[in-house]
1. Looking at (1) at the interface with chain A (Cβ under 8 Å from one of its Cβ atoms); (2) at pLDDT 95 or above, which is the only condition B:L202 fails?
2. Taking the stretch A:105-142 on its own, how many of its residues are in contact with a Leu (Cβ under 8 Å, 6 or more places away or on another chain) and away from chain B (no Cβ under 13 Å)?
3. Conditions: (1) farther than 24 Å from A:S152 by Cα; (2) free of Cβ contacts under 8 Å to residues at least 12 places away in the same chain. A:T43 meets all but one. Number of the miss?
4. From the list B:R232, B:R197, pick out the single residue that is within 10 Å of chain A (Cβ to nearest Cβ), loosely packed, with under 14 Cβ neighbours inside 10 Å and touching a helix residue (DSSP H, G or I) at 6+ places or on another chain (Cβ under 8 Å).
5. Among (1) surrounded by 19 or more Cβ atoms within 10 Å (Cβ to Cβ); (2) within 20 Å of A:I193 (Cβ to Cβ), there is one condition B:F174 misses while meeting the rest; what is its number?
6. If you check every pair at least six apart or on different chains, which have Cβ atoms under 8 Å apart with a residue in the stretch B:15-35 that is away from chain A (no Cβ under 14 Å) and in contact (Cβ under 8 Å) with a residue 24 or more places away in the chain first and a residue that is aromatic (F, W, Y) and surrounded by 18 or more Cβ atoms within 10 Å (Cβ to Cβ) second?
There are 2 protein chains.
Amino acid sequence: MRHRDEHKQQALLEATLTEVSEHGFAVTSVARIAKAAGMSPGTVYLYYRDKEALLEATFMEVARRIIDVAIEAFSAPLSSEASQSSEAFQPSDAPDYIVSLEMMMSQASSEETLGAATHQLKSALGRVWQALVSLGHREPALFRFHDQFLHSSHMHESLKIANQEKAAVLLDAFAMGKQSGILKQIDLVLIEIFLFRTIYSLLQGEGCQIPPISDESFDQAFEMAWDAIAQRP
Amino acid sequence: MRHRDEHKQQALLEATLTEVSEHGFAVTSVARIAKAAGMSPGTVYLYYRDKEALLEATFMEVARRIIDVAIEAFSAPLSSEASQSSEAFQPSDAPDYIVSLEMMMSQASSEETLGAATHQLKSALGRVWQALVSLGHREPALFRFHDQFLHSSHMHESLKIANQEKAAVLLDAFAMGKQSGILKQIDLVLIEIFLFRTIYSLLQGEGCQIPPISDESFDQAFEMAWDAIAQRP
């Protein structure tokens, strides 16, 4: 068997990401991806058995990057310099901050402690929002690919479960937020739509809106998303 | 010049809608649309000078249907039997109901009158929400096409302005809602994203979510959308 090269594998995922987000699934063939990555179709098959496997691997890589950025922002209440780099960050770490936020939520009984826990959860989700908006500005193809794949026939339950495991820290916080009465009693899919898919709508609209969507609107949009998911006071 | 037939023209728009929403813009050629509509490519060019003109006409037809349904629901506080049919309905009619809602909003000064105007506007937007969800269930291709076109290079400022004119009744209500302090001081694009694009996200998620999105979630989603756009009490 020929030597497999990690750089080539990464180049393949990047080429798939670019090709699919620009041209869609239908016209993106293995031959086209190979050409974009500067290799022969034969080389592609050394790494992935078919187009389907290549698309799935790209989706999982894209989802990993989005989830890592979200969890890092959620877990890092201090300055960004103090936080660990995305590379080294392990979502399973559950830093002290998260442990204390979860304790605050679970013990919130009086109006005062509930208010403090609400404030903490809102701040943490606000950081996630900002971090995802920045990520979307830096790498617009990421969200485009993610959205396309999520609503295609390529999406499978097993991929969803794998991603939910990676995002467990966030999902736990949502569950505790609901339990403690900070968040509305709503299905996770509604939190996803109002808190995360609205970011994608904003980013998507940015390119084609005249005038372009302002920074102020991005800030207001987080407040709107929060009002959508939080219990009314 | 050969005879132009309104049924054929309509069949062409329907075929474009179906082909694009199923396969995307990139692979949808005039030849493919012609075949789906059961006519020769030559016949297509009797009606539309090129693919671009055909796509634009389809978009305007799709937008017209969505806007008509929205405005009819917004304008019809009585039972649906009492309302006019979609076919006969003229958005420019501005029925008595809208005139009185606008008067309520413009004159809302005391806490009581503001509360009543808020209730009326929320009810009217709730009917719009329900009507659009029903439309999406009946004709899923409509929203898929609309979303794809809106974020493609085919979208132009002139098309947007034409649609805003058709939706004037709704846009006026949003403007007055902001003026009277019922709605947040936010850009129209944020109202669109939280009130309308969330419907598309729900419909899109319905096909691929396991378990499927419940009716209860659809109802809760309107409350969330309202909380997002309305001033906090």
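1. (2)
2. Of the residues in that region, 15 qualify.
3. It fails just one condition, (2).
4. B:R232
5. (2)
6. Cβ pairs passing all conditions: B:L17/B:F145.
The rows are residues; the columns are (1) closer than 23 Å to B:S214 by Cα; (2) facing chain B (nearest Cβ under 8 Å); (3) in a helix (DSSP H, G or I).
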{"site": "A:R144", "(1), (2), (3)": "no, no, yes"}
{"site": "A:F149", "(1), (2), (3)": "yes, no, yes"}
{"site": "A:M155", "(1), (2), (3)": "yes, yes, no"}
{"site": "A:K178", "(1), (2), (3)": "yes, no, yes"}
{"site": "A:G181", "(1), (2), (3)": "yes, no, no"}
{"site": "A:I193", "(1), (2), (3)": "yes, yes, yes"}
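The values are calculated or read from the model by the stated rules, or taken from the named source; none is laboratory data. None of the values given here were measured: they were computed from a predicted structure. With ideal geometry, Cβ positions are generated from the backbone for all residues, glycine too; neighbour counts draw on all protein chains shown.
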